[in-house]
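K.L.:
Could you have a look at this structure, given as structure tokens, before my questions?
The values are calculated or read from the model by the stated rules, or taken from the named source; none is laboratory data. Given the structure is predicted, the values throughout are model-derived calculations rather than measurements. Neighbour counts run over all protein chains shown; Cβ positions are idealised from the backbone, glycine included. Side chains are part of the model used for accessible areas, which takes the heavy atoms of the whole protein and leaves out ligands, DNA and RNA. Shrake-Rupley method; radii C 1.70, N 1.55, O 1.52, S 1.80 Å.
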Amino acid sequence: MNQNNTTMPTAKSGGRRFRNDVIFIAALLAIVALAGLFVFLFRQPGDTVVVTIDGEHYATYSLNENMTVPIHTGQDGEQINVLIIRDGQAHVQEASCPDGICAAHKPIHREGESIVCLPHRVVITVHSTSEQDAPDIVT
Amino acid sequence: MRHKSKKIAFLGLCAGVALVLAYVEALLPPLYAAVPGIKLGLPNIAIIFILYRFGLREATVVSFVRIVAVTLLFGNPMTFAYSVAGAFLSLLVMTILRKLDFLSIVGVSVAGAVFHNVGQILTAMVLLGTAELGYYLIVLAITGTISGLLVGLCGAMAVKRVFIKNI
Ligand SMILES: [Zn+2]
């Protein structure tokens, strides 16, 4: 029953594992850097904000108009996230959720960026309505 | 029989340590709140310790107890689903890598931390029906690597130094 298999690694196997750790982490970071570069190169500025509640479309707003939108959720609408659109950026001013992560999120304006309020199941995502939102890549 | 109850008591103690670490983490200022889900994952120190000292079964039980306790104390049903998915994907990946035995605890911990975030993001994508959340993975993979390093170093130290007789 007792798996006391915490044998001390020999110097040799310890060195090998350490080298593998370094390779593994470097490979991981390289993949992430590539993905980040890809996103950075292909992401366009967005022009609308789409709000979904529980995965269902709730409303779409233009990023070009300043406005304040209280988003009510919950059975009696007792939960609230206040969405602010100002100067082409969207952020959550205040929220009644327990974690407050959505209100702490930095303002968003690039396509695909989103603010999530997990407790209230609210997602605010920037979209682009321009026709060329997916550049055609001819291979 | 004595050994078994001693082991259960010891695992309970580990769950308590994981809970305290979760509480300590909740007290830290949220300077990384720009993206949801960025956490140090301090409770994983206890989980990694158990995974290496006992095995997957014990680590799973303690992880689950910890998540239930944290949810009851500071969470809600949504964060529960999210935490469970992250914790189990992370445990699964760490168990496989540990069996393959080509990384040290630190490397395994980094993979565990990154897959913790992958599990959470996938759950959020399913629960909230938005594919755009995939963007978060890029940020979370980097922060996961850093926190995984820290957690792995602490976990390795615990595995090396903490011994209890007859367990
Ligand atoms: Zn929120």
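K.L.:
Give me the pairs, please: first residue somewhere in the stretch B:137-163 and under 16 Å from B:Cys14 (Cα atoms) and at the interface with another protein chain (Cβ under 9 Å from one of its Cβ atoms), second residue anywhere and of a type in the set (Ser, Thr, Tyr) and open to solvent by less than 20 Å² (accessible area, probe 1.4 Å), beta-carbon distance under 7 Å, and either six or more positions apart or on two chains.
P.N.:
Here the result reads none, with nothing in the stretch B:137-163 linked to a residue that is of a type in the set (Ser, Thr, Tyr) and open to solvent by less than 20 Å² (accessible area, probe 1.4 Å).
K.L.:
Let me ask you something else. Could you tell me whether B:Thr123 is touching a helix residue (DSSP H, G or I) at 6+ places or on another chain (Cβ under 8 Å), surrounded by 20 or more Cβ atoms within 10 Å (Cβ to Cβ), of a type outside the set (A, V, I, L, M) and more than 8 Å from chain A (Cβ to nearest Cβ)?
P.N.:
Values: touching a helix residue (DSSP H, G or I) at 6+ places or on another chain (Cβ under 8 Å): yes; surrounded by 20 or more Cβ atoms within 10 Å (Cβ to Cβ): yes; of a type outside the set (A, V, I, L, M): yes; more than 8 Å from chain A (Cβ to nearest Cβ): yes.
For B:Thr123, the condition - touching a helix residue (DSSP H, G or I) at 6+ places or on another chain (Cβ under 8 Å), surrounded by 20 or more Cβ atoms within 10 Å (Cβ to Cβ), of a type outside the set (A, V, I, L, M) and more than 8 Å from chain A (Cβ to nearest Cβ) - is met.
K.L.:
From the list A:Glu94, A:Glu65, A:Glu78, exactly one residue is in contact with a helix residue (DSSP H, G or I) (Cβ under 6 Å, 6 or more places away or on another chain) and away from every other protein chain (no Cβ under 12 Å). Which is it? Give the steps one after another, and end with the answer.
P.N.:
Details: A:Glu65 fails: in contact with a helix residue (DSSP H, G or I) (Cβ under 6 Å, 6 or more places away or on another chain); A:Glu78 fails: in contact with a helix residue (DSSP H, G or I) (Cβ under 6 Å, 6 or more places away or on another chain).
Testing whether each residue is in contact with a helix residue (DSSP H, G or I) (Cβ under 6 Å, 6 or more places away or on another chain) and away from every other protein chain (no Cβ under 12 Å) leaves just A:Glu94.
K.L.:
Among the listed residues A:Gln75, A:Gln79, A:Gln93, A:Gln132, identify the single one that is modelled with pLDDT of 90 or more and more than 10 Å from the ligand (Cβ to nearest atom).
P.N.:
Being modelled with pLDDT of 90 or more and more than 10 Å from the ligand (Cβ to nearest atom) holds for just one of A:Gln75, A:Gln79, A:Gln93, A:Gln132, which is A:Gln93.
Residues checked against (1) open to solvent by less than 60 Å² (accessible area, probe 1.4 Å); (2) within 30 Å of B:Tyr135 (Cβ to Cβ); (3) assigned to a helix (DSSP H, G or I):
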position: B:Gly16; (1), (2), (3): yes, no, yes
position: B:Leu21; (1), (2), (3): yes, yes, yes
position: B:Ala26; (1), (2), (3): no, yes, yes
position: B:Lys39; (1), (2), (3): no, yes, no
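K.L.:
I need a count of the residues in the stretch A:99-112 that are more than 8 Å from the ligand (Cβ to nearest atom), open to solvent by 10 Å² or more (accessible area, probe 1.4 Å), facing chain B (nearest Cβ under 7 Å) and in contact (Cβ under 8 Å) with a residue 12 or more places away in the chain. Don't jump to the end; show me each part of the working.
P.N.:
Initial filter on the stretch A:99-112 (more than 8 Å from the ligand (Cβ to nearest atom)): A:104-112.
This time we only want the ones that are open to solvent by 10 Å² or more (accessible area, probe 1.4 Å), so: A:104-107, A:109-111.
From the residues that got through so far, the ones that are facing chain B (nearest Cβ under 7 Å) too are A:104-106.
Next, from what is left, pick out any that are in contact (Cβ under 8 Å) with a residue 12 or more places away in the chain: A:105-106.
Within the stretch A:99-112, residues that are more than 8 Å from the ligand (Cβ to nearest atom), open to solvent by 10 Å² or more (accessible area, probe 1.4 Å), facing chain B (nearest Cβ under 7 Å) and in contact (Cβ under 8 Å) with a residue 12 or more places away in the chain number 2.
K.L.:
Residues of the stretch B:88-120 being within 11 Å of another protein chain (Cβ to nearest Cβ) and open to solvent by less than 10 Å² (accessible area, probe 1.4 Å), which ones?
P.N.:
B:Leu103, B:Gly107, B:Val108, B:Ser109, B:Val110, B:Ala111
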